[in-house]
Amino acid sequence: GAVVSQHPSWVICKSGTSVKIECRSLDFQATTMFWYRQFPKQSLMLMATSNEGSKATYEQGVEKDKFLINHASLTLSTLTVTSAHPEDSSFYICSARGTSGFVGEQFFGPGTRLTVL
Amino acid sequence: EDKVVQSPLSLVVHEGDTVTLNCSYEVTNFRSLLWYKQEKKAPTFLFMLTSSGIEKKSGRLSSILDKKELFSILNITATQTGDSAIYLCAVEIQGAQKLVFGQGTRLTINP
């Protein structure tokens, strides 16, 4: 089955620093990757959609300069939280869709828990 | 604004009970509705529904979609403690290449 990994699984950083989260599709080529954030007891909120080799499409209200997304290859997308603040603390989940997959056939990574002190 | 609403938000039952989870939606351009199960980490795919009235079934889980009334239900029969999880409903928007998720239903099965 399709496997998506994320690294790191958790990270604690100081306010003002930048944090990079990697999302990899391990056994398939992901033309599209999605980044979500999930607050405690809330649902997944789509932050942005990234297609390999092009700029990410951000959802309304998500600051593109704060959440930098790079989808440089068909197996890797990165999310960089720049100048992180405590309110950025959240669970970040990526998902990936293959070349033949429909949008709903997204395979989710295990998530990254970010805590900003 | 596209919206997906799940109910109840939380449900606690005893092992062996049958549960029904609800998902209603209002979206501009519906393509499909999906159900996911989320335990500690990433959601795992359960069902995708595109046509009204056709039940999808997997073991003790089943789901059906009503495109006229704009809702779906997820049934779990003979529940087990391993069914405890958050169940997420999502709607795929035609042409937008994205999913809109509901708030989720937190299901707890007590032994």
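Projected onto its three principal axes, the C-alpha set of chain A covers 41, 26, 22 Å, listed from the longest axis down.
Which pairs break 24 Å Cα to Cα here: A:LYS20/B:LYS41; B:LYS67/B:LYS98; A:LYS20/B:LYS3; A:LYS41/B:LYS67; A:LYS66/B:LYS3; B:LYS3/B:LYS67? The pairs that break the limit, which is 24 Å between Cα atoms, are A:LYS20/B:LYS3; A:LYS41/B:LYS67; A:LYS66/B:LYS3. Over the Cα atoms of the protein assembly as shown, each weighted equally, I'd like the Debye log10 I(q)/I(0) at q = 0.07, 0.08, 0.09, 0.18 Å⁻¹, rounded to two decimals. Taken in order of the listed q values, log10 I(q)/I(0) reads -0.22, -0.29, -0.37, -1.34. Cross-link partners of B:LYS57 among aspartates and glutamates, defined as those whose alpha carbon lies under 17 angstrom from its own and excluding same-chain residues fewer than eight positions apart: B:ASP66, B:ASP83.
Taking 19 Å as the straight-line reach from the Cα of A:LYS64, the aspartates and glutamates in range (excluding those fewer than 8 positions away in the same chain) are A:GLU22, A:GLU52, A:GLU87, A:ASP88. Along segment B:21-32 the Karplus relation, 6.51 cos²θ - 1.76 cosθ + 1.60 evaluated at θ = phi - 60°, assigns HN-Hα couplings of 10, 10, 9, 10, 8, 9, 9, 6, 8, 6, 10, 7 Hz to successive residues, with x for each Gly and Pro. Using the Karplus relation 6.51 cos²θ - 1.76 cosθ + 1.60 with θ = phi - 60°, the per-residue 3J(HN,Hα) values for segment A:13-19 come to 9, 8, 4, x, 8, 10, 10 Hz, with x marking Gly and Pro.
In peptide B:35-47, what is the residue-averaged number of other protein chain Cβ atoms found within 10 Å of each Cβ?
Working: counts 0, 4, 0, 6, 0, 2, 9, 12, 10, 2, 6, 0, 1.
Mean inter-chain Cβ contacts per residue within 10 Å come to 4.
Placing unit charges on C-beta atoms (Lys and Arg positive, Asp and Glu negative, everything else neutral), compute the dipole magnitude of the protein assembly as shown about its Cα centre in debye, rounded to 20. Write down the numbers at each step before the final one.
Working: 22 positive and 20 negative charges, 60 e Å.
The calculated dipole for the protein assembly as shown is roughly 280 debye.
Taking every residue in B:89-101, how many Cβ atoms of other protein chains lie within 10 Å of its Cβ, on average? List each step's numbers first, then the result.
Numbers: counts 1, 6, 1, 5, 1, 1, 1, 3, 8, 9, 9, 4, 7.
Going residue by residue through B:89-101 and averaging, the value is 4.
In terms of its alpha-carbon gyration tensor, chain B comes out prolate; a/c meets the 1.5 threshold, and the first ratio a/b outweighs b/c.
If R0 is 41 Å, the Cβ-Cβ spacing of A:ILE12 and B:ILE54 corresponds to a FRET efficiency of close to 0.30. Mean per-residue shielding of peptide A:44-51 is 3, counting Cβ atoms of other chains within 10 Å of each Cβ. For the protein assembly as shown, the Cys residues with no second cysteine's beta carbon closer than 4.7 Å are A:CYS13.
Taken together, the values in this text are just the output of simple stated rules run on the coordinates, not laboratory data. Because the structure is a prediction, the values reported are computed rather than measured. Glycine also receives a Cβ, built like all others from the backbone with ideal geometry; neighbour counts cover every protein chain displayed.
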